[in-house]
Amino acid sequence: MNLDSPIDSIRGIGPKTKQLFLKLGIETAGDLLSYFPRSYDQYQTPIRIADLTEGEIAAVEGSLLSPISNRYFKGRCVSTASCSDGTGQISLTWYNMPYLKTSLKPGMVFVFRGRIKKKGTRLLIEQPAVFQKEQYQARLSVWQPVYSLTKGLTEKTMQRSVREVLENLPAAAEYLPECERARYHLCGYSEAVTQMHFPQDQEKLIEARRRLVFDEFLFFLLRLRTLKEHRQEVRNHFHICAGGSAARLIASLPYELTSAQRRVWADIERELQGEKSMTRLIQGDVGSGKTILAVLALLEVAENGYQAALMAPTEVLARQHYQTIQALLEENHFPYEVLCLTGSMSASEKRLAYAKMESGEASIIVGTHALIQEKAVYHDLALVITDEQHRFGVRQRETLGMKGNTPHTLVMSATPIPRTLAVILYGDLDISVLNEMPSERLPIKNCVVHTGYRPKAYAFIESEVKKGHQAYVICPMVEESDTADAENVTDYAETLRENLAKDICIESMHGRMKADEKNQIMERFLRNEIQVLVSTTVVEVGVNVPNATVMMIENAQRFGLAQLHQLRGRVGRGAAQSYCIFMQTDKSETNQKRLDILNHSNDGFEIASQDLKLRGPGDIFGIRQSGLMNFQVADIYQDADILQQANEAAERILAEDPSLSMPDHAGLKMQYERLERQSDRSAGGLGL
């Protein structure tokens, strides 16, 4: 078996199970090894029943007080019993497990493990796992992987399949040159993937993760450096000059551009008119005014008789950009046609759009990934803009650029990345930073609170809705898990419906939904048909909803501060005062200190910097700062030192062997090509 072996070559995976794996994007043995656990379950010493706390996952050691009772309700078997350890009693309930009645007898001692619930004064565990005392003792030192699964696929099947691949992994699976592993003290690939799935301890887990983070950065940077070589010194093929339209638009705005916006616009205008093709990144916090600069660039290109395209990561955001640009052009009587192209348009709508693009009738084209499809042909594309750059891979940006005769490239990112890291990550781009916020924006009022504040928070959300405003509530999970103690979108939406006024429309949204479903929900939220949106972090980058004034983030300590700052940026976009409530659900003083940084700063760069200072290498695993560049394991904030090492390695390898043709680099080239194929399949992966 090798990394390219199809998933059904693994023992125990038949046609039906194969389809379940395919739903998760797992097609090969290599894909399976790269599908890392989302968390780990650590078995703790059993707790006395008298000391149990509602909501925690715990184990109790005790004996049944009476035989298990089986009763049937609507075709479902419900088994119940009571357990005692001498300090108290706890009720146990199992569903569709009638056979337990014959194997669990009164007086026998077992360990029962699950989430502790409370009904009235009675403690309860539903569907507890059952262990012999010796079995449980053997698990105390073992980290159990917990995967994100699809319905029908179990943890047991996933773990068994991963073990099967690991046991048959050939030595040739190692692709990183030995000299590079030695230089950076990296463990082998086989050891890394084994410890990522089944870690011996935290130290081994951190060591394994470090190797895989290095790999992700290295292959991303090899791809990026190759792209940079192709783009260097590209001549500007377009004759663009300032004709007055941009100045007219600036004069018509109901506000003045900040000095930072004026500085960056001067850079863009100079490069549009220069001898070389522009490749520039505009980096600025949420609300710093990147969009108007994009509109000015689109307008100047259109005025000179060329086409310009703006690509956004979601249909809702693309349509909002289209409407904004259309309104600005109509208000100022500019004669240029703006076109919107998205995947959900009908075949006839797309045909009409393609015709206008190819003929040149449409000067400004706004859309999603539909802009880079094969049927999208441009008449004379001179400028390509990608919004929320970190949601697109290098390959996608390159594909759009190939639609024209090396058009100018402008990319925008709201993620606050320290300049030293931005230079590495955006190695093929010049960087402009918008480090000034428009004066008319009211600063968001923040508070970090504990769970006792929830009733007040609900009342506050209700009062804001009564004023005509809207609210976001962010939860870290989609649905309840037996192994993760965190709020989930599914249950939380129901909780809010029970606690808020009945006339308030509450809906939920998460990443497992289809794109069309998410788009419809965001459209309804934008129209204020939904007043409270309960969501996972899929709203981190999204549509502008000026009417939303409250952002409440549950389990805030589970997120990195840079991501919390991004989420906070969803509010504060209108004239009304906005608020952000960070709900801390643990009692850690360290987490309190981290979250308190958000109380004192709205500067994303400062927040990211302070967060890194507070945390050591032992604290970083599982605390994700961002989803930047679609990295699967790596995170540019907490792994900044590894990013810099991978950059050194990429530059050294390419300087010595640009085509990766040397014998020492044979494995590296093979893995590079494997990831290219994987990227073609998934349009994501390592952000390639």
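To the nearest 10 square angstrom, how much accessible area does THR17 have with a 1.4 angstrom probe?
30 Å²
Measuring from label point to label point, each 7 Å out along Cα→Cβ, what is the MET108 to GLN577 span in nm?
6.4 nm
In whole Hz and in residue order, list the ³J(HN,Hα) couplings for the range 85-90 that follow from phi through the Karplus curve 6.51 cos²θ - 1.76 cosθ + 1.60, θ = phi - 60°; x for Gly and Pro.
Those phi angles translate into 10, x, 9, x, 10, 9 Hz.
Taking 8 Å as the Cα distance limit and 6 or more residues as the minimum spacing, I'd like the relative contact order of the range 90-205 as a percentage. It would help to have the intermediate numbers written out before the result.
Working: 90 pairs, mean separation 24.8, N = 116.
About 21 percent, as a whole number.
For the range 461-468, just list the computed ³J(HN,Hα) in residue order, Karplus coefficients 6.51, -1.76 and 1.60, θ = phi - 60°, integers in Hz, with x standing in for Gly and Pro.
4, 4, 5, 5, 5, 5, 7, x
Residues with amide H under 5 Å of MET97's amide H, sequence separation 5 or more or different chain, H placed in the peptide plane at 1.01 Å from N; which?
Here SER79 satisfy the definition.
Which value in deg cm²/dmol, rounded to the nearest 500, describes the helix-derived mean residue ellipticity at 222 nm for the chain, given -39,500 (n - 2.57) per DSSP H run of n ≥ 4 and division by the residue count?
Details: 23 runs with 265 residues, N = 688.
Computed ellipticity for the chain at 222 nm equals -12000 deg cm²/dmol.
Residue-wise, which Karplus ³J(HN,Hα) couplings in Hz belong to the range 290-295, taking 6.51 cos²θ - 1.76 cosθ + 1.60, θ = phi - 60°, and x for glycine or proline?
6, 4, 5, 5, 4, 4
List every residue whose amide H lies under 5 Å from the amide H of VAL534, counting only residues 5 or more places away in sequence or on a different chain, with H placed 1.01 Å from N in the peptide plane.
VAL473, GLU507, SER508, MET509
What are the radius of gyration and Dmax of the range 258-411, computed over its Cα atoms and given in Å?
So, for the range 258-411, Rg and Dmax equal 14.4, 45 Å respectively.
Treating the Cα atoms of the range 547-603 as identical point scatterers in vacuum, please give the log10 of the normalised Debye intensity I(q)/I(0) at q = 0.19 Å⁻¹, two decimals.
Taking Cα atoms of the range 547-603 as identical point scatterers yields -0.64.
Can you run the Rg to Rh ratio on the range 45-88? Use alpha carbon positions and the Kirkwood inverse-distance Rh.
Details: Rg = 13.2 Å, Rh = 12.2 Å.
Ratio of gyration radius to Kirkwood radius: 1.08.
Taking one equal scatterer on every alpha-carbon of the range 6-102, how large is log10 of I(q)/I(0) by Debye at q = 0.21, 0.23 1/Å?
Debye curve over Cα of the range 6-102, log10 I(q)/I(0) at q = 0.21, 0.23 Å⁻¹: -0.96, -1.06.
When the gyration tensor of the range 205-298 is built from Cα positions, what are the square roots of 5 times its three eigenvalues, in whole Å, from largest to smallest? Mind dumping the intermediate values first?
On the way: eigenvalues 258, 88, 12 Å².
Each semi-axis is √(5λ); the values are 36, 21, 8 Å.
Say the cut-off is 22 Å between C-alpha atoms; which of LYS290/LYS375; LYS276/LYS350; LYS151/LYS514; LYS466/LYS502 go over it?
Values: LYS290/LYS375 30 Å; LYS276/LYS350 34 Å; LYS151/LYS514 16 Å; LYS466/LYS502 12 Å.
Over 22 Å apart, Cα to Cα: LYS290/LYS375; LYS276/LYS350.
Which sequence of MET357, MET513 reflects their accessible areas, 1.4 Å probe, from the largest down? Please list the in-between numbers first.
On the way: MET357 0, MET513 30 Å².
Largest accessible area first, the list is MET513, MET357.
If we count trypsin sites (Lys or Arg not before Pro) as exposed when they sit in a DSSP loop and have at most 15 other beta carbons within 10 Å, what is the longest stretch of the chain that avoids them all?
Details: sites that count: ARG11, ARG38, ARG48, LYS74, LYS151, LYS375, LYS467, LYS502, ARG512, LYS514, ARG527, LYS587.
Between exposed loop sites, the widest span is 152-374.
Pairing the Cα long axis of helix 489-499 with the longest principal axis of the chain, what angle in degrees results, from 0 to 90 and rounded to the nearest 10?
Taking the Cα atoms of the chain, the angle to 489-499 is about 80 degrees.
Name the shape class, rounded, prolate or oblate, that the alpha-carbon gyration tensor gives for the range 115-170, where a ≥ b ≥ c are the square roots of its eigenvalues, rounded holds for a/c under 1.5, and otherwise prolate holds if a/b is larger than b/c and oblate otherwise.
Values: a/c = 3.59, a/b = 1.78, b/c = 2.02.
Since a/c reaches 1.5 but b/c is at least a/b, the shape of the range 115-170 is classed as oblate.
Order 337-344, 458-465 from most to least packed using the mean count of other Cβ atoms within 10 Å. Write down the numbers at each step before the final one.
Numbers: 337-344: 19.8, 458-465: 18.1.
Highest to lowest by the protection proxy: 337-344, 458-465.
The values are calculated or read from the model by the stated rules, or taken from the named source; none is laboratory data. Predicted model only: the values in this text are computed from it and were never measured. Cβ: placed from backbone, ideal geometry, glycine included. Neighbour counts: every protein chain shown. Just so you know, the surface numbers come from the protein's heavy atoms only, side chains and all, with ligands and any DNA or RNA stripped out. Shrake-Rupley method; radii C 1.70, N 1.55, O 1.52, S 1.80 Å.
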